[in-house]
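A quick write-up on the structure given underneath.
The values are calculated or read from the model by the stated rules, or taken from the named source; none is laboratory data. Quick caveat: nothing in here was measured; it's all calculated off a predicted structure. For neighbour counting, all protein chains shown are included, and Cβ atoms are generated from backbone atoms with ideal geometry for every residue, glycine included. The accessibility values were calculated without ligands, DNA or RNA, using every heavy atom of the protein model including side chains. Shrake-Rupley method; radii C 1.70, N 1.55, O 1.52, S 1.80 Å.
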Amino acid sequence: MDRLGSRCPLPGYPRSSVLICLLILTASLLTYPLIRTLSLQLHSAVTGSFVSGTYSIVFVNCPNEQIARDIARAVLGKKLAASVNILPEASSLYFWNGEIEEATEILLLMKTKTSKVHMLSSYVRLVHPFEIPEIFSLPMDQGDVHYLKWLKEGMEED
């Protein structure tokens, strides 16, 4: 009787091979983003080509030009970005504490590695005078290979 039970599992109990397949499938799905990123970086290094999403543009609004310049210089000094554009005054309208507010702001466009966006955002929040600064990023989809190489070199640690 014991022998029969070991050869024919009871209904409702999956076989160990099914469990192993499920485990392998789960592990594959969980590690796919990491494996994909590493393989794209390896391909980029070997071929010298650009991988979409490696670099990002971070947008930050500032209340005036002096604060914008101070933040830009600090970010560049910490090698959190390779380049910062300071765009001229723009009128902003937004909700704040249930009211429509209007202000003149200066926009920073910071070019950085996507892997540095979190550190860059955290640093800007520390030094920015706004309670909730406007900080968001967009990945670069395409770009000149020479420019992107220059960006990379501009953020390398000494």
Apart from one, (1) part of a strand (DSSP E or B); (2) out of contact with any Asp or Glu (no Cβ under 6 Å at 6 or more places or on another chain); (3) open to solvent by 60 Å² or more (accessible area, probe 1.4 Å) all hold for L93; the odd one out is (2)
Right, H118: in contact with a strand residue (DSSP E or B) (Cβ under 8 Å, 6 or more places away or on another chain) and either free of Cβ contacts under 8 Å to residues at least 24 places away in the same chain or surrounded by 12 or more Cβ atoms within 10 Å (Cβ to Cβ) (or both) or not? no
Scanning the stretch 77-90 for residues that are open to solvent by less than 50 Å² (accessible area, probe 1.4 Å) and modelled with pLDDT under 95 gives A90
Quick test for you: out of E105, E157, pick the one residue that is part of a strand (DSSP E or B), acidic (D, E) and touching a residue at least 24 places away in the same chain (Cβ under 8 Å). E105
Residue list for the stretch 121-142, filter: within 20 Å of Y94 (Cα to Cα), open to solvent by 60 Å² or more (accessible area, probe 1.4 Å) and within 12 Å of the chain's Cα centre (by Cα): F136
Quick one: how many residues across the stretch 108-134 are closer than 18 Å to E65 by Cβ and either small (G, A, S) or assigned to a strand (DSSP E or B) (or both)? 3
Anything in the stretch 108-124 that is touching a helix residue (DSSP H, G or I) at 6+ places or on another chain (Cβ under 9 Å) and modelled with pLDDT of 95 or more? List them, or say none. L108, M110, K111, T112, L120, Y123, V124
